[in-house]
1. For segment 1-142, what is the per residue volume of the convex hull drawn over the alpha-carbon atoms, in cubic angstrom?
2. How would Cys12, Cys111 rank on accessible area, largest to smallest, probe 1.4 Å?
3. Any idea of Tyr59's accessible area? Nearest 10 Å², probe 1.4 Å.
4. Given a 1.4 Å probe and the protein chains all in place, what does the accessible area of Tyr110 round to, in Å² to the nearest 10?
5. On a C-alpha basis, how far is the centre of segment 32-64 from the centre of segment 132-187 in Å? Whole number, if you could?
6. His224: accessible area at probe 1.4 Å, nearest 10 Å²?
Amino acid sequence: MDHDVVDRIQKCIGCAAVRIDGPPEPMLRKSMPDRAWQEVAIDFFSAKEFSTFLVLVDYYSRFLKVVEMRGTNASKTIDVLEDIFAEQTYPETIRSDNGPPFNSEAFANYCVEKNIRLVRTIPYWPQMNGLVERQNQGILRALRIAKATNEDWRKALKNYVYMFNTTPHSMTGKAPLELMTGRPVKDLLPSLKTDPNLFRDEGIREQDLIEKTKGKIYADKRRHAKLSDIEGGDTVMLKNYASGKLESHFKLEKFTVVERNGTDTVVRNDEGITYHRPVSHLRKWPSQSDQETISEQVSKKRIRSDSISDSSSSSEAGTSQTGQYRQPGLHSDAMDLEDTLDEPIQTSSRPKRKTKLPSRFSS
């Protein structure tokens, strides 16, 4: 009966579509670039009561740039970037999401013209551009404080950006402006670092790697991350992004995995349309091989339970008839049981609680 129940559930496509998401993939931390302004990340941040901002972050120094926008189309975005690049030169790589300005043909042609490699993140996966997404939270916090205290929000935002760029970063231990310009940051705090020949970038990459590794270990453990076994050629179903209590977690449409590169997965449907999706948003389509594997596990559990019950019966019978167990050297019931099971029976190793009579009853 257990075998039939499991087999029926695994054949149910509807059950697979509404089943909750599995554990996420382990984090993939991006390595630090070789120099400042080599790779930058950009994104738009909108606050209805204030304005829309273009947020730009340097991957090496974490230098932050926030510009208030009058429009978010491709031409206005290019004009703002030209003003920024006129001060800092053109970067080698720009990482962005798939928003309308960044996904337009005009913006792609601009990057080709300026010899900039454009990297677009996976749709519905903001973690791939997490550096700039994290900055959006800080900007929002600064605007909320300005609103709560009735301050000028433009001045508050300007002060936030300045404080962020002049404060030592938790990952590198250096101020973003210091790593960006290669010179000490002069602020109102007293400093002992006055040697002009001091190499201030020493140990930055090692410190960045150590902090990122610590964060990865902590996050993977907290989220119970697990590597997905989805690979090229598998038939999968895609996560359903429609909101609603009655919406299924996955769509009842078959897709074939064309390519997988880390968490970035390319799938194609029967009509030949391809999509980029994170592997955590895919689920294997129930197949006969999966059903057989689970059926074998159920069968093994049944054999194990039957063997334990048979062993217990035999032991009780042997004890009642002879008053003792079999002699050493012969195959006992316990040895036969170990041969039947895939793994030995685990006994509890938890300490026993000591009980003590209360002192008032000792007399």
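1. Each residue corresponds to 178 Å³ of Cα convex hull volume.
2. I get Cys12, Cys111, largest accessible area first.
3. My reading of the accessible area for Tyr59 is about 30 Å².
4. About 10 Å², ignoring ligands and nucleic acids.
5. 12 Å
6. Here the accessible area works out near 140 Å².
The values are calculated or read from the model by the stated rules, or taken from the named source; none is laboratory data. This structure is a prediction, so every number in the text was calculated from the model and none was measured. The area values use the complete protein model at the heavy-atom level, side chains included, leaving out ligands, DNA and RNA. Shrake-Rupley method; radii C 1.70, N 1.55, O 1.52, S 1.80 Å.
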